[in-house]
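Each value in this text was obtained by applying a stated rule to the coordinates, not by laboratory testing. Remember, it's a predicted structure, so these values are computed and weren't measured experimentally. In this analysis, Cβ positions are derived from the backbone assuming ideal geometry, glycine residues included, and neighbour counts consider all displayed protein chains.
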Amino acid sequence: MESLWIIFSLSFLTALTGALSPGPLLTYTIIKTMESRKHGYLMGFAVIAGHALLEMMIVIALLSGLSFFLKNIIVIRVVSVTGCLFLVYFGITIIRDAVKGKIQIDFIQPGKSTAKENNNKHFGLKNPVIGGIVTSMSNPYWWIWWASIGSAFWVNFNISSDNIPGIIAFFFGHEAGDLIWYVFVSFIIFFGKGFINRKIYIIILVLCGIFMILFGLYLGISPFFKSISL
């Protein structure tokens, strides 16, 4: 059995890397934080609570029907290589866009965020928990992540119904990565203080991009050194 600490740590870093990349869920969180007058700093908690509930359903689905399927060495290799390709691609894209200034990071400067301009995009999602669920489901990259990177993580670290501690370590590590960044963003936006500048944010993105590439290569290569025992 893989070390639970390793599973938790890698799951945390993988989730944090995805959370740091601006997307629909981050935009929605910023919108709800800016709209709230009293408890906006808690929006990160609420949105990720909805996001976590949805991902819990995904975990249950994997345990219900895919655990046996994912033990097949051929499936393991196909899923791992697919996850590797996506991770490497996302990592390269993050580094490239960060260096070229193509990533929208206006949200680190309260008052200049473009979130207000996109408010109509999430009109009607007043409850942040429900909004976290709906916004996550509306993002195609979220589905791609679970179909490729998430599944690759499971098969490489032997996470299945036979490894409940591993499931717990993976799930809480994953949600912790999302929660820390989104709560941090909510605090920044709500209290109007720029705790992070453009240069630091770009450095963080580049480091996360490098992590994605290296971890992706590990996921893609490691299954080919495992014995074929079904």
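Using a Förster radius of 25 Å, what is the FRET efficiency between Leu85 and Asn139 based on their Cβ-Cβ separation? Nearest 0.05, please. Efficiency, rounded to the nearest 0.05: 0.80.
For segment 1-35, the residues whose backbone nitrogen is under 14 Å from a point 7 Å from the Cα of Phe184, taken along Cα to Cβ, are 12-22. Footprinting exposure proxy ranking of Leu219, Leu53, fewest other C-beta atoms within 10 angstrom first, gives Leu53, Leu219. If each of Leu63 and Leu214 carries a label point 7 Å out from its Cα toward its Cβ, how far apart are those two points in nm? That separation, rounded to one decimal, is 3.2 nm.
Each residue of segment 200-207 is assigned a 3J(HN,Hα), and the resulting list reads 5, 4, 5, 4, 4, 4, 4, 4 Hz, derived from the Karplus form 6.51 cos²θ - 1.76 cosθ + 1.60 (θ = phi - 60°), x at Gly and Pro.
Annotation: the residues Ser161, Ser138, sorted from fewest to most other C-beta atoms within 10 Å of their own C-beta, follow the order Ser161, Ser138. Neighbour counts of C-beta atoms inside 10 Å place Phe8, Phe225, Phe184, Phe153 in the sequence Phe225, Phe184, Phe8, Phe153, starting with the fewest.
Here each label is just a point 7 Å from Cα along the line to Cβ, and for Met56 and Leu4 those points are 1.9 nm apart.
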